[in-house]
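S.K.: Quick one: structure below, then a few questions.
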Amino acid sequence: MLELRDLVCRYGKVTAVKGLSLKVERGQLVALIGTNGAGKTTTLKAISGLLPPSGGSIWFDGVDITRASARKILSLGIAQCPEGRHVFPYMTVTENLEMGCYLRTDKQEIAADFERMFEQFPRLAERRLQPAGTLSGGEQQMLAIARALMSRPKLMLFDEPSLGLAPNFVERTFDIITNIRANGTTVLMVEQNALAALEMCDHAYLLESGSLALSGSGAELIDNPHVRSAYLAG
Amino acid sequence: MDQLLQHLLNATILGGTYALLGIGLTLIFGIMRVVNFTHGELYAFGAYCMYALVMPLGLNFFMALVVAMALGALLGATIELLLLSRLRGADIDTTMLVMIGAWIALQNAEQLAWTGVALSINNPFPSEPLIVGPLSVSWNRVYVFFVALLLILGTYYLINRTHLGKAMRATFQDRDTAALMGIRIDRIHTATFALGSALAAAAGALLGPVFVVAPTMGDLAAAKAFAIVILGGLGNIKGATLGGFILAFVEELGAGYISSGYRDAMGFLLIILILLFRPTGLFAQKERVG
Ligand SMILES: Nc1ncnc2c1ncn2[C@@H]1O[C@H](COP(=O)(O)OP(=O)(O)OP(=O)(O)O)[C@@H](O)[C@H]1O
Ligand SMILES: [Mg+2]
């Protein structure tokens, strides 16, 4: 479904991603793990069209999206729930969700999706007219996920969904992601919490300083001595 | 007492156009982070369009306002596409210098096109003022006030309720995330600059027939617009609206009771005081746009 071939991304002189190749098959939940600064966020930005790659190519459903605009990529079916949530702080919960379906024109279906989101996230329903910036971190994460779902994506990109959340919200977030996949949406998830990510994924990639260090099933990576000592210690 | 009431009425009426002028400028700053030095020239441009459309071309006075606004939006969009779109990500100093250049170029172009002679525009209103008790006001000013009010309300509606307005606010609050939503950031920039320019042109087209039209009219308007925006807090639309009215009241009462020769200085005195004591503006708040 998604394929990166020798992806290279630079910020000025800094090369953040150095020839990364990976594949996400339809229906899978794929994890991308690695330390701080490994280039995970950069990779997701490149996929979403926020950062034009300096080399390599990105393919989605057989279409070359390497240089496509963020809008085009979203309309093809890739949505992202960005690192640090990034809700629009001065817009209400409802307005944030409206932004999530900015490109859609099917009014009735949109109304139905609003109902569904509010059913699934009752806390958001209670706060629908509240500015998103006044929500708690966990609620903002729910909103960011709901907002991304409002575009009805085929592939969801999650960037560190558990970052900075209280333990009960961490679990809740992983449950939601598992659910999203169970409902037929493919997921590519970047996560610092390597153990949780490896346990829930079908396939995982380990990124170290911009290059692929390892790949395999979640179980294979959990058993790998290097992964055990560097990422799962303690 | 009657005199005071008259001053307050004059101030309210003037405040409407000041608010319009301020909103256009603050919108562009809030969303685009561009200090728009061409704002005053768009004001002058609006007034000149009004002149050209009504006087030599004989277009209907009310239609001419609509056309002048549309032309203002067009000129704004052109400036944005020609100059600002190439400067995305450039630092604010570079953008400021380019905008100062555009300001000078526009002013001279206006002078070239319409000469330096002040021009006046006929209006279709009765020459007798409207008299209510002890108060009197020209019909043209009443018209200006209500149109300004309508445009201000329209702008609020646009920013807060429409698809485009929400996309503008989202872009201002979080650019990259707005792009993730499928919002075309470039178009939002162009639309915002065009909207701000149309509002400036509207203010010029409204006030042109009240005063006279001259190539330097934009300078004072720009200075006042900046004063209003500073009063209200940069990027704050509600603040700019209130700032417009406050500036008008200070000017009108200052001219009426202190010295009429210092009318235009009153506002700047106020700005100096505010910058000394409340540098973030009178109505500083976290939310800037909307
Ligand atoms: N806007 C930027 N300008 C310059 N360098 C950047 C920028 N963003 C990231 N980098 C650099 O690129 C490298 C990869 O960053 P990236 O954000 O992709 O890492 P990450 O794997 O997501 O890390 P984290 O786990 O901390 O989120 C880092 O060395 C970082 O310093
Ligand atoms: Mg990151």
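None of the figures in this text is laboratory data; all of them are computed from the coordinates on show. Just so you know, these numbers come straight off a predicted model, no measurement behind them. Using ideal geometry, Cβ is built from the backbone for each residue, glycine included, and neighbour counts are taken over all protein chains shown.
S.K.: Work out Dmax and Rg for segment B:191-288 from the C-alpha atoms and quote the Rg first, both in angstrom.
M.R.: 14.1, 43
S.K.: Moving on. Run the simple label-point estimate for A:Ser211 and B:Ala105 please: 7 Å along Cα→C-beta, distance reported in nm.
M.R.: 4.9
S.K.: Using DSSP, restrict attention to beta bridges with both residues in segment A:2-223 and report what percent are antiparallel, rounded to the nearest 5.
M.R.: Details: 21 of 38 bridges.
Here the share of antiparallel DSSP bridges comes out near 55 percent.
S.K.: Please report, in Å, the Rg and the Dmax of segment B:53-118, where both are computed over Cα atoms only.
M.R.: In order Rg, Dmax, the Cα atoms of segment B:53-118 give 15.3, 45 Å.
S.K.: What FRET efficiency do you get for A:Ser21 and B:Asp176 if R0 is 30 Å and r is their Cβ-Cβ distance, rounded to the nearest 0.05? Provide the component values of the computation, followed by the final result.
M.R.: Details: r = 25 Å, r/R0 = 0.84.
FRET efficiency, A:Ser21 to B:Asp176: 0.75.
S.K.: Shifting gears a bit: By count of other Cβ within 10 Å, fewest leading, how are B:His7, B:His163, B:His189 ordered? The partial results should precede the final answer.
M.R.: Details: B:His7 18, B:His163 12, B:His189 22.
Least to most surrounded, the residues fall as B:His163, B:His7, B:His189.
S.K.: Sort A:Glu98, A:Glu3 so that the residue with the fewest other Cβ atoms within 10 Å of its own Cβ comes first and the one with the most comes last. Display every interim value, and only then the final one.
M.R.: On the way: A:Glu98 22, A:Glu3 16.
If I rank by nearby Cβ atoms, fewest first, I get A:Glu3, A:Glu98.
S.K.: A follow-up question, please. At a Förster distance of 41 Å, what's the computed FRET efficiency of A:Ala230 paired with B:Thr162, Cβ-Cβ distance as r, to 0.05?
M.R.: Working: r = 51 Å, r/R0 = 1.25.
E(calc), rounded to 0.05, equals 0.20.
S.K.: At a Förster distance of 45 Å, what's the computed FRET efficiency of A:Thr92 paired with B:Met55, Cβ-Cβ distance as r, to 0.05? Let's see the in-between values first.
M.R.: Working: r = 48 Å, r/R0 = 1.07.
For R0 = 45 Å, the calculated efficiency reads 0.40.
S.K.: Here's a follow-up. Could you point to the residue in B:Asn140, B:Phe268, B:Phe245 farthest towards the positive end of chain B's charge dipole, with +1 and -1 charges on the Cβ of Lys/Arg and Asp/Glu respectively?
M.R.: Most positive-ward Cα: B:Phe245.
S.K.: Given the Cα-Cα distance of A:Val63 and A:Glu199 and 0.36 nm per residue of separation, how much length would full extension add, in nm? If you can, show how the numbers build up before the last one.
M.R.: Working: separation 136, 0.36 × 136 = 48.96 nm, distance 3.10 nm.
Taking A:Val63 through A:Glu199 to full extension adds about 45.9 nm, to one decimal.
S.K.: Quick one: net charge of B:Gly256's neighbours, Cβ under 15 Å, K/R +1, D/E -1?
M.R.: Working: positive: B:Arg263; negative: B:Asp2, B:Glu251, B:Glu252, B:Asp264.
Its environment carries a net charge of -3.
S.K.: Report the equivalent ellipsoid semi-axes for the protein assembly as shown in whole Å, largest first, defined as the square roots of five times the eigenvalues of the gyration tensor built from alpha carbon atoms.
M.R.: Values: eigenvalues 589, 108, 81 Å².
Output for the protein assembly as shown: semi-axes of 54, 23, 20 Å.
S.K.: Continuing with this model, one more query. Calculate how large, on average over all directions, the projected area of the Cα convex hull of chain B is; give the answer in nm² to one decimal. The partial results should precede the final answer.
M.R.: Details: hull surface 62.6 nm².
Taking the Cα atoms of chain B, their convex hull projects to 15.7 nm² on average.
S.K.: I'd like to verify something in chain B: which complete DSSP H helices, judged by Cα projection on the helix axis, reach 20 Å or more and average at least 1.6 on the Kyte-Doolittle scale?
M.R.: Span-like helices in chain B: B:61-82, B:217-232, B:263-277.
S.K.: Here's another thing I want to ask about it. Show that you can apply the helix-only estimate: for chain A, add -39,500 (n - 2.57) for every DSSP H stretch of four or more residues, divide by all residues, and state [θ] at 222 nm to the nearest 500.
M.R.: On the way: 10 runs with 92 residues, N = 234.
The helix contribution divided over chain A gives -11000 deg cm²/dmol.
S.K.: Here is a further query. Considering the Cα trace of segment A:2-223, what is its radius of gyration and what is Dmax, both in angstroms?
M.R.: So, for segment A:2-223, Rg and Dmax equal 16.9, 49 Å respectively.
S.K.: Please compare each pair in A:Lys45/A:Lys107; A:Lys18/A:Lys40; A:Lys23/A:Lys154; A:Lys45/B:Lys166; B:Lys166/B:Lys224; A:Lys107/B:Lys238 to a cut-off of 20 Å on the Cα-Cα distance and tell me which ones are over it.
M.R.: Values: A:Lys45/A:Lys107 29 Å; A:Lys18/A:Lys40 12 Å; A:Lys23/A:Lys154 15 Å; A:Lys45/B:Lys166 23 Å; B:Lys166/B:Lys224 28 Å; A:Lys107/B:Lys238 31 Å.
With Cα atoms farther than 20 Å apart: A:Lys45/A:Lys107; A:Lys45/B:Lys166; B:Lys166/B:Lys224; A:Lys107/B:Lys238.
S.K.: Just to be sure I understand: of the beta bridges DSSP finds with both ends in the protein assembly as shown, what percent are antiparallel, rounded to 5? Write out the running numbers ahead of the final one.
M.R.: On the way: 25 of 42 bridges.
Expressed as a percentage, antiparallel bridges in the protein assembly as shown total about 60.
S.K.: Stretch A:Thr178-A:Leu129 to full length: gain in nm at 0.36 nm per residue minus the Cα-Cα span? Let's see the in-between values first.
M.R.: On the way: separation 49, 0.36 × 49 = 17.64 nm, distance 2.85 nm.
Answer, rounded to one decimal: 14.8 nm.
S.K.: Expressed as a whole number of Å, what is the distance separating the alpha-carbon centroids of segment A:149-194 and segment A:66-145?
M.R.: First find each Cα centre; the distance between them is then 14 Å.
S.K.: In whole Å, what is the distance between the alpha-carbon centres of segment B:217-290 and segment A:1-58?
M.R.: 49
S.K.: Also, quick follow-up: Would you work out the relative contact order for segment A:2-223, in percent, from Cα pairs under 8 angstrom that are 6 or more residues apart?
M.R.: Working: 436 pairs, mean separation 64.5, N = 222.
Here the relative contact order equals 29 percent.
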